[in-house]
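The values are calculated or read from the model by the stated rules, or taken from the named source; none is laboratory data. Worth saying up front: this structure is predicted, and the values here are computed from it rather than measured. Don't worry about glycine lacking a Cβ; one is built from the backbone with ideal geometry, like all the others, and counts go over all protein chains shown.
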């Protein structure tokens, strides 16, 4: 997931140009490595809609969309899920190669929920050097403080910094 320096994943007017404009063509942000090690994705309905609107969704990796909206259009690799997150994790673990990861990819509510339920092993945040001032926060209010252990900090010439934490 990517967030502005002031902690937002989307601007107030829902524009994502700030994110796309920050990325440099010659920088490797690890998308390919992440895709290779991922056996399944879990995303929220809003993130799914955003990605579909930008032409995403061509990947064959199983993608579970957390939603109660059964009218969302899906493709062969996309599944809608409205049950409890721990149940979904157990289901996916039975279906994918045990050497692969389950990647939870937004948004802020889902990330916060998975942290509170203890379902994340790692948290990776790409900090984008822009201040949005307002918008959709990366995290919703957590019930309690959660200490993280820094695993990796990778800065780029563009100013983007990828932070990886053990939860």
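Whether any residue in the range 64-73 is more than 23 Å from residue 137 (Cα to Cα), surrounded by 13 or more Cβ atoms within 10 Å (Cβ to Cβ) and either under 17 Å from the mean Cα position of the chain (by Cα) or touching a residue at least 60 places away in the same chain (Cβ under 8 Å) (or both) is what I want to check.
Taking every residue of the range 64-73 in turn, none turns out to be more than 23 Å from residue 137 (Cα to Cα), surrounded by 13 or more Cβ atoms within 10 Å (Cβ to Cβ) and either under 17 Å from the mean Cα position of the chain (by Cα) or touching a residue at least 60 places away in the same chain (Cβ under 8 Å) (or both).
For the range 74-103, what are the residues that are assigned to a helix (DSSP H, G or I) and in contact (Cβ under 8 Å) with a residue 24 or more places away in the chain?
85, 86, 88, 89, 92, 95
If you scan the range 116-156, which residues turn out to be within 23 Å of residue 48 (Cβ to Cβ), in contact with a strand residue (DSSP E or B) (Cβ under 7 Å, 6 or more places away or on another chain) and not in a loop (DSSP other than H, G, I, E, B)?
Scanning the range 116-156 gives 122, 123, 124, 125, 126, 128, 135, 136, 137.
Which residues, taken from the range 6-20, are crowded, with 18+ Cβ neighbours inside 10 Å and either touching a helix residue (DSSP H, G or I) at 6+ places or on another chain (Cβ under 8 Å) or more than 10 Å from residue 131 (Cα to Cα) (or both)?
Residues satisfying the conditions are 9, 10, 11, 19.
Between 159, 106, which is under 20 Å from residue 22 (Cβ atoms), assigned to a loop (DSSP other than H, G, I, E, B) and at pLDDT below 95?
On inspection, the qualifying residue turns out to be 106.
Residues are listed down the side, and each one gets a yes or a no for (1) assigned to a strand (DSSP E or B); (2) at positive phi; (3) at pLDDT 90 or above; (4) in contact with a strand residue (DSSP E or B) (Cβ under 9 Å, 6 or more places away or on another chain):
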site	(1), (2), (3), (4)
18	no, no, yes, yes
34	no, no, yes, yes
39	yes, no, yes, yes
43	yes, no, yes, yes
50	no, no, no, yes
